[in-house]
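Step one of this worksheet: look at the structure below.
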Amino acid sequence: MISTHALDVEIGGKRVCRSLDFALAGGECMAVLGGNGVGKTTLLNTLAGLREPAGGEVRLDGRPLARLPRRAVARQMALLMQHDDDAFPATVRETVLVGRHPHIAFWRWESRDDVAIAEAALADCALGGLEDRAVATLSGGERRRLAIATVLAQQPALYLLDEPANELDLHFQIDLLRHFRRLADERNKAVMLTMHDVNLAARFADRVLLLFGGGETLCGRTEDVLTSENLSRLYHVAVEITRLNGRRLFVSC
Amino acid sequence: MKYAISANGRDEAAPARRATSGVRSRGRLASILALLALAALAAVVIGLFVGSVTLAPDRVWAVLVGHGDPLATTLVLDLRLPRVALAFATGALLALAGTLMQVLLRNPLADPYILGVSGGAAVGALITLLLGLGVFWLEGAAFAGALASTLIVFALAHGRGGWTSMRLLLTGVVVAAGWGAAIGLLLAMSDDTSLRSMLFWLMGDLSYQHGGWGPLVLAGFALAVSLPFARHLNVLARGEMQAQALGVPVGMLTIGIYVVASLLTAVAVTEAGAIGFVGLVIPHMLRLAGGSDHRLILPGSALAGGSLLVLADTLARTVLAPRQLPVGVVTAAIGVPLFLYLLNRSR
């Protein structure tokens, strides 16, 4: 689905990753972990083709991302951003329909199918019935779910999610990650997400990419990478592992 | 979240549920546009029937159906009609340009003049007024000043690397402030006789004019060019990065918006001076009335902007007839309470 080849990413003279090679296939879910300001968003934006890499390249289905038309890319991958820009008033329905944009031909209007897909995405994010509400009247968590619904309406093969769990309560965090897990398991989608909750990453991701800062990275299977040693180094605090009902729990000390 | 997607496999398959809301919203959009078109027609009729010289409605009607008396024909077809056309065109140009600028800068406070276009035009126009040159020179100088300002702001904001909307906005505001200082200087240097015409020009004035058929064609053309991109504008309004991630060619689109909006403003300001308010407020009235879809806002603001300016100009030339008021004063006098009412109602 998406792969990087000797990828170097830099921002403001700071290295995010050096010679990074990984490939993410359909059905897989990869969590990106790292401290604040280490470049998780920058990496995601580079993978989405919104930033030029400092070296190497990103390929989508084996073809160099930089040479693919943006509209074709947008049908293949969606990016959930950390923050939304809502300078202008809009309703919930208008906002979620924006996700259908890459699928609609230049001259066409949204079809009934587009509207139905958008409404289904809203229902999946427990926003059904709020279609005519102004976005400005939604709570922070509802807005976050609206942004997620917009990405779902885009129906890509690859989801790049920048801190999707932000502003969501515990219930919605679990529901959200379960939903993307099912999209991976049952519909062969690829999911890559940045997050801060190690326990959620351990529970839902097959693979983990750690960004240590200074360009150092570690990528591998979740159970191999999420060790007390690696996480203590990642967050600069001691992290220990306990077990509860057979599941590993990560606790900072 | 309910797992409707995985539960019944609706994800990629054609949706089973009947969805009518898209159709409903298109119908609503058409009815708002139809209403605005009726309002525009009414404004034009009022503009033709009302004037500083009182003409009985049946005499105006006779002219419109083709057998009026000579005096009425001259008044309606040679004086009122071209002026109504110019007022409508100017209002449409300004409202379109304002809509485009607001999307380009993603700032609801943007108006057509925010990048200094009117300041450049004003400096050009005031210099010709100060020198006592004719209307031909005034128009040429105003247009040249508007284009010069556009190019200066574009070049400065572009700088090294790309431009962000914030950088463009700041550059425009600073350049506009520079023009403001130059305008102050020109006003201070001028004598009393040219001061009055300068002030009128600065407040917006449709009285020099010879007719608005050219600007009217331009407004129609600009609408025809920008309307196919309306859905792109909807996406761009959500942010540049977001738009790019959704497959919108952001670089080309923003340059296109910049060029079109600047050109429309330059023509409007050349024809009618710096008429304030229309370009700022008409797009917002549409947003308050009909949501955020630019397939409504673009044609709607052209119609509403044109109507507002025709009505304002009709008032401007009749209220204190034979004396004429600057039309910019009247647009604000109508627009401010109307806008405040809409804003208040929407909360």
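Readers should treat all values here as calculations from the given coordinates under stated rules, not as data from a laboratory. Treat the numbers as computed from the prediction; the structure is a model and nothing was measured. Because the Cβ atoms are built from the backbone with ideal geometry, glycine has one as well, and the counts that use them run over all protein chains shown.
Taking every DSSP helix (H) stretch of at least 4 residues in chain A, weighting each as -39,500 (n - 2.57) and dividing the sum by the residue count yields a mean residue ellipticity at 222 nm of -9500 deg cm²/dmol. If every alpha-carbon in chain A counts as one equal scatterer, what log10 I(q)/I(0) does Debye give at q = 0.12 1/Å? With one equal scatterer per Cα and no solvent, log10 I(q)/I(0) is -0.72. Under 5 Å from the amide H of A:L161 lie the amide H atoms of A:L80, A:M192, A:L193, A:T194, each residue being 5 or more positions distant or on a separate chain, with H modelled from the backbone and absent for Pro and chain starts. In a DSSP loop and with at most 13 other Cβ atoms within 10 Å, the trypsin sites (Lys or Arg not before Pro) in region A:56-123 are A:R108. Couplings 3J(HN,Hα) of region A:114-125, computed from phi: 4, 5, 5, 4, 5, 5, 5, 5, 4, 4, 5, 9 Hz, in residue order, whole Hz [Karplus 6.51 cos²θ - 1.76 cosθ + 1.60, θ = phi - 60°; x for Gly and Pro]. Distances between every pair of Cα atoms in the protein assembly as shown, grouped in 10 Å steps from 0 to the bin holding the largest one, split as 3, 15, 22, 20, 16, 11, 7, 4, 1, 0 percent. Of A:T194, A:T91, A:T242, the residue with the greatest mean-square motion in the GNM of chain A, using alpha carbon springs below 10 Å, is A:T242. Evaluating kT/(6 pi eta Rh) at 25 °C and 0.890 mPa s, with the Kirkwood radius of region A:158-246 over Cα pairs in the Stokes-Einstein relation, gives 173 µm² s⁻¹.
Counting only DSSP H runs of at least 4 residues, each contributing -39500 (n - 2.57), and dividing by the residue count of chain B, the helix-based mean residue ellipticity at 222 nm comes to -24500 deg cm²/dmol. Expressed in units of 2.2 N^0.38 Å, where N is the residue count, the Cα radius of gyration of region B:131-192 is 1.40. Expressed in nm², what is the orientationally averaged projection area of the convex hull enclosing the Cα positions of region B:235-331? If I average the Cα hull's projected area over directions, I get 7.1 nm². Here the scattering of chain B is modelled by Debye summation over its C-alpha atoms, one equal scatterer each and no solvent; at q = 0.13 Å⁻¹ the log10 of I(q)/I(0) is -1.01.
With all projection directions averaged, the alpha carbon convex hull of region A:143-186 covers 3.0 nm². Under the rule a/c < 1.5 gives rounded, and otherwise a/b versus b/c splits prolate from oblate, where does region A:171-211 land using the Cα gyration tensor? The shape class here is oblate.
Placing +1 on the Cβ of every Lys and Arg and -1 on the Cβ of every Asp and Glu, with nothing else charged, gives region A:113-177 a dipole about its Cα centre of roughly 140 debye. What separates the Cα centres of region B:298-334 and region A:55-110 is a distance of 42 Å. In region A:1-63, the ratio of gyration radius to Kirkwood radius, Rg to Rh, stands at 0.95 when only Cα atoms are counted.
For A:L249, the amide hydrogen comes within under 5 Å of the amide hydrogens of A:T242, A:R243, A:L244, counting only partners 5 or more places away or on other chains and with H modelled in the peptide plane.
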